[in-house]
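Visitor: Pasting in a structure now, in structure tokens, and then I'll have a few things to ask.
The values are calculated or read from the model by the stated rules, or taken from the named source; none is laboratory data. Note that the structure is predicted; figures quoted are calculated from it, not measured. A quick note on method: Cβ atoms are made from the backbone with ideal geometry, for glycine too, and the neighbour counts reach across all protein chains shown.
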């Protein structure tokens with residue numbers, strides 16, 4: 001699919017910026033929108049003004065995903081300790097998967113390149129100079 005204009009995922013304005021990774025979540029959203037005939041074909045970016053906001057939103061998503069995964073693992077652990085039937089293990093895995101999928105409610109895409117934190121730390125157009133420690 002040919003991608004059209006660049007749209008920032010934070011401010012939803014037509015702007016240039018750091019491209020967003022096409023991960024499985026975005027691929028699934030694009031597939032559903034194409035199937036429904038409502039795909040716009042935009043290229044998703046994070047504009048330079050919103051890099052800090054995007055970094056915070058992505059960090060919040062990753063923290064939520066971690067907590068949901070830990071809660072799901074704890075639930076499976078409790079099921080394994082309480083009942084040792086194959087059916088209870090299957091039900092525990094299904095419930096754990098549902099709990100982890102709740103993290104998708106806070107989903108925010110990741111910017112491409114060296115990571116959004118590294119990109120936001122340097123101003124646009126800045127070059128990085130390697131600093132060596134002094135010799136002893």
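Visitor: Hey, can you tell me all the residues within segment 18-54 that are in a strand (DSSP E or B), within 17 Å of residue 4 (Cβ to Cβ) and either within 14 Å of the chain's Cα centre (by Cα) or touching a residue at least 60 places away in the same chain (Cβ under 8 Å) (or both)?
Guide: To start, the set of residues in segment 18-54 that are in a strand (DSSP E or B) comprises 18-20, 43-47.
Narrowing the set further to residues that are within 17 Å of residue 4 (Cβ to Cβ) leaves 19-20, 43-45, 47.
Correct list: 19, 20, 44, 45.
Visitor: A further question on this structure: List pairs: first in segment 68-83 and under 15 Å from residue 94 (Cβ atoms), second at pLDDT 90 or above and loosely packed, with under 14 Cβ neighbours inside 10 Å, Cβ under 9 Å, 6+ apart or cross-chain?
Guide: Between residues of segment 68-83 that are under 15 Å from residue 94 (Cβ atoms) and residues that are at pLDDT 90 or above and loosely packed, with under 14 Cβ neighbours inside 10 Å, the close pairs are 68/101; 72/97; 72/98.
Visitor: Please go through segment 52-81 and pick out each residue that is at pLDDT 90 or above and farther than 23 Å from residue 25 by Cβ.
Guide: The one that is at pLDDT 90 or above and farther than 23 Å from residue 25 by Cβ: 74.
Visitor: Inspect all residues belonging to segment 31-42 and state whether any of them is at pLDDT 90 or above, in contact with a helix residue (DSSP H, G or I) (Cβ under 7 Å, 6 or more places away or on another chain) and surrounded by fewer than 16 Cβ atoms within 10 Å (Cβ to Cβ).
Guide: no
Visitor: Would you please name the residue that is surrounded by the most Cβ atoms within 10 Å (Cβ to Cβ), looking only at residues in segment 82-118 that are modelled with pLDDT of 85 or more and outside any helix (DSSP H, G or I)?
Guide: 111
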